[in-house]
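Engineer: Mind having a look at this structure? Questions to follow.
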Amino acid sequence: GWQVSMKSGSLSYILPCNRLPVQLMSQVRVYTSNGQKKDLGSEDTNGSAHGETLHKVETGQDTTNAGQKQSSPKQPVQVKVKAVLKKREYGPKYTQNNFITGVRAINEFCLKSSDLDQLRKIKRRSPHDDTETFTVYLRSDVEAKSLEVWGSPEALARERKRRKEAEIKYKENLFRNQRLLWEYKEFFGNTKPRSSTAAMFFKGPGKVVMVAICINGLNFFFKLLAWVYTGSASMFSEAIHSLADTCNQALLALGISQSARSPDPSHPYGFTNMRYIASLISGVGIFMMGAGLSWYHGIIGLLHPHPVESLLWAYCILAGSLVSEGATLLVAINEIRRSARAKGLSFYQYVVQSRDPSTNVVLLEDAAAVLSVAVAATCMGLTSVTGNPYYDSVGSLGVGTLLGTVSAFLIYTNTEALLGRSIEPEQLQRLTELLESDPVVRAIHDVKATDMGMSKVRFKAEVDFDGRVVTRSYLEKQDIEQLLQEIQQVKTLEELEAFMLKHGENIIDTLGAEVDRLEKDLKQRNPDVRHVDLEIL
């Protein structure tokens, strides 16, 4: 309960009291030792009862310390009573002051846009970068309007259930709808402009992948004919290698097309990681198809050797494969050099960090292809010179080992990228210094900057804001003289509460604007930063 502090001479007493009246802030009453009251604040109807209580306490002290009381004059007793605003109980769920957008009002409360025209419209600071303000509605107004339209909560619940069932039915028929659209593809093809997904395969990583698919497909066809003609184990490994490359690069093309999909409610951060997933599966495919079959055929050749036929055609096809694979390798190297230069990284850093997984796969596959052609040609040459088929089988094992090494590297780098690694310490330091040098920030804690892949970074930090600077930023935009007049007009607790609530909400809006400004500055400092989460301490 309330506590009353009394001072008598040099002694101080604390008495509990649960019935003291509360009228004004810092109310002071003076009680004399004979029980008479001198009120320095407002009048209090219950003051006499408390005066009598205090008089009794003073009388008890006089009996105990009679000698001291006779020698010293009696001092008045001062009582301070502080008035505080009564705490409001909101309960476990309070949504009366919540704002709701027009889209949510229409979807969740089954209203029409015309129904919202009659409601109060409130302009609020927009959370989106492309707009400064947007219109919201009070949730209580929307709920009342929905009950007016539908008559009762039960009718509204039935309408929600009906719409939910219709949505589920639409999703079930989605495949059928897509097939109907496919039947009209020629019509859409003549009227619809070329999509951005198709344009992705004419530049950058998409172009590299498409060139690799065409060249590796031709290489597989000719190597397969050479193997059928010669029966060489090394040539079989080369044919399998080209087939694995073709399939994996087709998978990369699928990953590139899927990564261009727009974010949806189920995937709010988009589908950019599809490139890493496709590259990871590609690495597993190289290991299983390329390395596995090459090892198997090499071991069979060692256990059951058989003579190799004329290798002339095999050498010709290997030479053509060397030229074509080398051309694809040069295309991939030039693309990586260009991208690494744009990011300010070295060629090695760009490859190891798997900045562009699709181009990395093409680069490593074609590098392995060039080396494997050299290994296969060397082993086939030794077999033709010595007549020993074991050299040819050893060449198959060598090609399998090379493909296994490439697949292990691809699996490792893409797994690291999918797990979400931190950005470079230098970049993180620049972002941290930008926040700490801002006057509105006192300190930052728990800083995390995660590379989400494909030049997208998510930045998160706990920020301790300086409330004085935020408040001053708000006051700089106000008319100080008018604000002073408002303060002077405050006479009652109700007026004080209204004044504080009004300007307190405006200060919170100012804090939100400061957060938006910091997020914008972070994105300008590092364009790779796409998502910023600043949590207020």
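The values are calculated or read from the model by the stated rules, or taken from the named source; none is laboratory data. Everything quoted here is computed from the prediction, not taken from an experiment. A quick note on method: Cβ atoms are made from the backbone with ideal geometry, for glycine too, and the neighbour counts reach across all protein chains shown. When the accessible area is computed, the model is the full protein with side chains, heavy atoms only, and any ligands, DNA or RNA have been set aside. Shrake-Rupley method; radii C 1.70, N 1.55, O 1.52, S 1.80 Å.
Engineer: Heavy atoms only, probe 1.4 Å: what % of the accessible area of region 200-330 goes to carbon and sulfur, would you let me know?
Structural biologist: Summing carbon and sulfur atoms, their accessible area is 78 percent of the total for region 200-330.
Engineer: Further, regarding this structure: Averaged per residue, what accessible area in Å² does region 201-419 show with a 1.4 Å probe, protein chains only?
Structural biologist: Computed with neighbouring chains in place, this is 45 Å² per residue.
Engineer: Pop the C-beta distance of Asp446 and Val469 into the FRET formula with R0 = 25 Å and round what comes out to the nearest 0.05.
Structural biologist: Working: r = 22 Å, r/R0 = 0.87.
Step by step, r from the Cβ atoms, then E = 0.70.
Engineer: Determine the shape class of region 272-377: with a ≥ b ≥ c the square roots of the Cα gyration tensor eigenvalues, call it rounded for a/c under 1.5, and otherwise prolate if a/b is greater than b/c, oblate otherwise. Let's see the in-between values first.
Structural biologist: Working: a/c = 3.44, a/b = 1.78, b/c = 1.94.
Oblate, since a/c reaches 1.5 and b/c is not below a/b.
Engineer: For Gln489 and Gln429 in one chain, what is 0.36 nm times their gap in residues minus the Cα-Cα distance, to one decimal in nm?
Structural biologist: Values: separation 60, 0.36 × 60 = 21.60 nm, distance 4.98 nm.
Computed gain between Gln489 and Gln429 is 16.6 nm.
Engineer: Then there's this: Below 14 Å, Cα to Cα, which aspartates and glutamates can Lys121 reach? Residues fewer than 8 away in the same chain don't count.
Structural biologist: Hits, sequence-local ones excluded: Asp141.
Engineer: Which three extents, in whole angstrom, do the alpha-carbon atoms of region 227-327 cover along their principal axes, largest first?
Structural biologist: For region 227-327, the Cα extents along the three principal axes come out at 62, 31, 17 Å.
Engineer: Let me ask something additional. Cα convex hull of region 201-419: mean projected area in nm², to one decimal? Provide the component values of the computation, followed by the final result.
Structural biologist: Details: hull surface 48.5 nm².
Answer in nm², one decimal: 12.1.
Engineer: A further question follows. In what order, largest first, do His241, His445 sit by accessible area if the probe radius is 1.4 Å?
Structural biologist: Putting His241, His445 in descending order of accessible area: His445, His241.
Engineer: At a Förster distance of 35 Å, what's the computed FRET efficiency of Met500 paired with Thr131, Cβ-Cβ distance as r, to 0.05?
Structural biologist: Values: r = 30 Å, r/R0 = 0.87.
Computed FRET efficiency for Met500 and Thr131 comes out at 0.70.
Engineer: If we count every other residue with Cβ under 12 angstrom of Glu325's Cβ, Lys/Arg +1 and Asp/Glu -1, where does the sum land?
Structural biologist: Computed value for this residue: -3.
Engineer: Let me ask another. Using the structure shown, list the pairs from Lys145/Lys169; Lys112/Lys169; Lys477/Lys502 with a Cα-Cα distance above 24 Å, or answer none.
Structural biologist: Lys145/Lys169
Engineer: Sort all Cα-Cα distances of region 344-427 into consecutive 5 angstrom bins from zero, then give the percent of pairs in each bin up to the one containing the longest distance.
Structural biologist: 3, 13, 19, 16, 13, 10, 8, 7, 5, 3, 2, 1
Engineer: In addition: Can you give me the accessible area per residue for region 425-536, using a 1.4 Å probe, in Å²?
Structural biologist: Numbers: 6770 Å² over 112 residues.
I get 60 Å² per residue for region 425-536.
Engineer: Convex hull over the alpha-carbon atoms of region 425-536: what's its volume per residue in Å³?
Structural biologist: 103 Å³
Engineer: Here's something else I'd like to know. Can you bin region 325-382 into rounded, prolate or oblate? Criterion: square roots of the alpha carbon gyration tensor eigenvalues sorted a ≥ b ≥ c, rounded for a/c under 1.5, prolate for a/b above b/c, oblate for the rest.
Structural biologist: The shape class here is prolate.
Engineer: Another question about this same structure. Counting only the heavy atoms of the protein chains, how much of Trp295 is accessible to a 1.4 Å probe, in Å² to the nearest 10?
Structural biologist: The value for Trp295 is about 80 Å².
Engineer: For Ser346 and Ala374, compute 0.36 nm times the residue count separating them, minus their Cα-Cα distance, and round to one decimal in nm.
Structural biologist: The Ser346-Ala374 span can extend by a further 7.3 nm.
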